[in-house]
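Where a number appears in this text, it was derived from the coordinates with a stated rule and is not lab data. For clarity, every value in this text was computed on a predicted model and none was experimentally measured. Here the Cβ positions follow ideal geometry from the backbone for every residue, glycine too, while neighbour counts run over all protein chains shown.
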Amino acid sequence: MINPSNVTIDTEEQRLWLIDHKASTGMSWSQLEKPIDVNGKTLGLFSGGKYAGDNQRIADCIFRYRQNLSAQAQIKIEAPDIPPYFETRTSQEIQHILAWAHRGRMTLFAGGPGTSKTITANEYRERVSNAWIVTMCPSIKTVQTMTLKVLRAMGDTSARINYLLSSYVRGKFKDRQGVLIIDEAQHLNVELIEELRNWHDETGVGLAFLGNEQIVARMEGGSRQAEFAQLYSRVSLRLIRPIPLKEDIEALADAWQIQDEEVFAFILRIGRKPGGMRSCTFTLELAKMIAESQSAELSLAHVTAAWNQLSTRPIAA
């Protein structure tokens, strides 16, 4: 790729390309402004040769956008297709936990990274009615911001932050026989958990908490906090799975059509480390690209090379 700061980009060429690109994609100027990083009205004026400002700057931005499109297209050609959702023993157990919550219960799955929490929740949401996913993060600290995010997950973009939000969302849950799936639940603070419990008690909405083992550590054992006791006593079904099972990695290998026993053994070792099946997927994706570049069948050498590029903790082949 070329750094446009080091060369003079032909303004007229970028103008003609932009006009053709807009026509072929059917995108509006407002849709193009974010990826190009230029105001949509400015793009419209530039395309018509009526922009009175720095046309060279606009041309440089369009050129960068073109290079980005080319780079992404090349990666798409080189990158292998990642298998879509596939059933594993853990994903089946997570779906059971979600279905149980859908009965108007509270459930909990605590799993390490790469144990299929999020992808399974997304698959469940696509299969049933009235299942909503809200992903927590450290910046969500108040009931109002959480409630607004829940409403967005329910497809309601009309609500704005105000003191009536909590009553409004309870009305949305009432008689829906739905389930609210809280992903990354370890980021919940006491106030948010108490609000969720209140929604459950008043409306009967099911709650499924998905997170890492930190949420369990906060609720039970020697570090259990009294504030969580009311919630945790309501959890009717729970499962803790720090790393994927061997059966999970076998299902992943089948999805990737891995038949080489040495490759599977290596992938199994990766999958039992932090990062789980996500690390396996990243490794196999890169390994297949390496093998393709050499016009060779996937081998242990390719998988080892990929893992060594992705990890600071090499595994001996």
Residue separation times 0.36 nm, minus the C-alpha to C-alpha distance between T8 and S30: what's the value? 5.2 nm
Between the Cα axis of helix 143-153 and the main Cα principal axis of the chain, the angle (0 to 90°, nearest 10) is 70 degrees
For a footprinting-style exposure proxy, rank S233, S116 by other Cβ within 10 Å, fewest first. S233, S116
Relative to the present Cα-Cα distance, how much length would full extension add between N39 and Y85 at 0.36 nm per residue of separation? 12.7 nm
When mean projected area of the Cα convex hull in nm² is calculated directly from the model, which label among (i) 25.7; (ii) 15.0; (iii) 21.8 fits? (iii)
Under a point spin-label approximation (7 Å from Cα along Cα-to-Cβ), what is the I240-R176 distance to one decimal in nm? 3.2 nm
Simple spin-label estimate for V128/S233, 7 Å along Cα→Cβ, in nm, reads 2.6 nm
Using label points projected 7 Å from each Cα along Cα→Cβ, tell me how many nm separate R269 and N189, to one decimal. 4.4 nm
Under 19 Å between alpha carbons, and skipping anything fewer than 8 positions from K22 in its own chain: which lysines qualify? K34, K41, K50
Through the Karplus equation 6.51 cos²θ - 1.76 cosθ + 1.60, θ set to phi - 60°, convert the phi angles of region 241-246 into ³J(HN,Hα) values in whole Hz; use x for Gly and Pro. 9, x, 9, x, 7, 4
Can you list the HN-Hα couplings for region 120-134, worked out from phi with the Karplus curve (6.51, -1.76, 1.60; θ = phi - 60°), rounded to whole Hz and with x for Gly and Pro? 5, 4, 4, 5, 4, 4, 6, 8, 10, 9, 6, 10, 10, 10, 10
Straight-distance crosslink candidates among lysines, where the alpha carbon sits under 30 Å from K288 and sequence neighbours closer than 8 are dropped: K76, K117, K246, K273
How would D20, D60 line up from fewest to most surrounding beta-carbon atoms within 10 angstrom? D20, D60
Which ordering of C61, C137 is given by a fewest-first count of other beta-carbon atoms within 10 Å? C137, C61
With Cα atoms, 0 to 90° folded angle of helix 89-101 axis to the chain main axis: 70 degrees
